[in-house]
Amino acid sequence: MKKWTTHVAGLAATLMLSSVLPTPAFAESPPAQPTAETQIVTETTGAAYLKEDAALLQTADSTTVIQQLPAGTTLKTLGTDGDFTRVSWQEGTAYVATNALTQTAPVFQKQATLMSKSPLSLVASPFDSTVVTILPAYQRIDTYGTFDTFTRLKWNEQYVYVSTTQLEQLPKLVGTRYAKRATSLFVEPKTTSAKSAVTQNQAFETFGTIGTFTRVATKTG
């Protein structure tokens with residue numbers, strides 16, 4: 001009985017001791033820090049324009065070129081890293097040389113006047129196929145330089161782009177002729193195209209013929 005009593009007393013003491021000991025404190029883990037791969041950039045510094053054609057890079061210390069961008073491209077800037085500026089691009093970020101950027105929208109000089117040989121589908125950027133507007137064929141088009149396979153135009157006070165293959169040189173001036181009777185002026189060499197009235201003896205500078213039609217210059221193209 002003495003052995004049993006000692007065991008029970010020891011058990012009671014153990015239980016009593018456990019009930020009064022403080023709960024051990026566990027050190028809190030420090031909050032996880034974002035890695036370079038997962039860090040989300042929230043800094044926004046505004047918009048800037050490319051003042052010259054420039055390469056869009058994958059990282060600031062990389063020579064990996066995502067693609068070339070034309071002068072005049074508007075970019076959302078997200079801060080700088082050395083000699084490069086971080087910009088928003090598609091679903092992520094990329095980099096361009098800071099010295100290629102300007103806060104002022106560039107103005108391009110007119111270089112040539114060409115003619116549209118088919119209806120022109122104008123897009124805001126060579127990398128955006130969204131059509132801004134469509135211009136009819138056989139229009140005189142002022143151009144403001146080229147980028148890759150595109151030609152820069154000006155429409156509604158903004159620069160837009162069109163495939164260079166849709167343009168051709170202006171025909172040579174043949175001479176001045178006069179309408180011998182009241183007739184119609186067509187935007188394309190077919191009678192179903194939009195038209196405007198021509199009065200008798202109205203003068204036109206002519207630029208050759210297309211079938212049974214004579215190409216003439218107008219104030220709009």
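Determine whether the stretch 31-54 contains at least one residue that is among the acidic types (Asp, Glu), modelled with pLDDT under 50, open to solvent by 50 Å² or more (accessible area, probe 1.4 Å) and over 22 Å from the mean Cα position of the chain (by Cα).
Yes: one or more hits.
Determine, yes or no, whether Ala217 is open to solvent by less than 70 Å² (accessible area, probe 1.4 Å), modelled with pLDDT under 85, touching a strand residue (DSSP E or B) at 6+ places or on another chain (Cβ under 6 Å) and among the aliphatic types (A, V, I, L, M).
yes
Considering every residue within the stretch 88-108, establish whether at least one is open to solvent by 40 Å² or more (accessible area, probe 1.4 Å), at pLDDT below 90, at positive phi and not β-branched (Val, Ile, Thr).
Checked the stretch 88-108: at least one residue is open to solvent by 40 Å² or more (accessible area, probe 1.4 Å), at pLDDT below 90, at positive phi and not β-branched (Val, Ile, Thr).
Would you list the strands (runs of 3 or more DSSP E) that sit entirely within the stretch 165-212 and hold 1 or more residues that are within 18 Å of Ser116 (Cβ to Cβ) and either among the acidic types (Asp, Glu) or open to solvent by less than 60 Å² (accessible area, probe 1.4 Å) (or both)?
Result: 167-169, 183-186, 203-210.
Considering only the stretch 119-155, state which residues are exposed (fewer than 12 other Cβ atoms within 10 Å of the Cβ) and without any contact (Cβ under 8 Å) to a residue 12 or more places away in the chain.
Correct list: Asp128, Ser129, Thr130.
Pick from Thr73, Thr85: which is within 11 Å of Ala48 (Cα to Cα), out of contact with any helix residue (DSSP H, G or I) (no Cβ under 9 Å at 6 or more places or on another chain) and surrounded by 14 or more Cβ atoms within 10 Å (Cβ to Cβ)?
Selected residue: Thr73, the only one of Thr73, Thr85 that is within 11 Å of Ala48 (Cα to Cα), out of contact with any helix residue (DSSP H, G or I) (no Cβ under 9 Å at 6 or more places or on another chain) and surrounded by 14 or more Cβ atoms within 10 Å (Cβ to Cβ).
The values are calculated or read from the model by the stated rules, or taken from the named source; none is laboratory data. Model, not experiment: these values are computed from the prediction. When we count neighbours, we look across all protein chains shown, and the Cβ atoms used for this are built from the backbone with ideal geometry, even at glycine. To get the accessible areas, we keep the full protein, side chains included, count just its heavy atoms, and leave off ligands, DNA and RNA. Shrake-Rupley method; radii C 1.70, N 1.55, O 1.52, S 1.80 Å.
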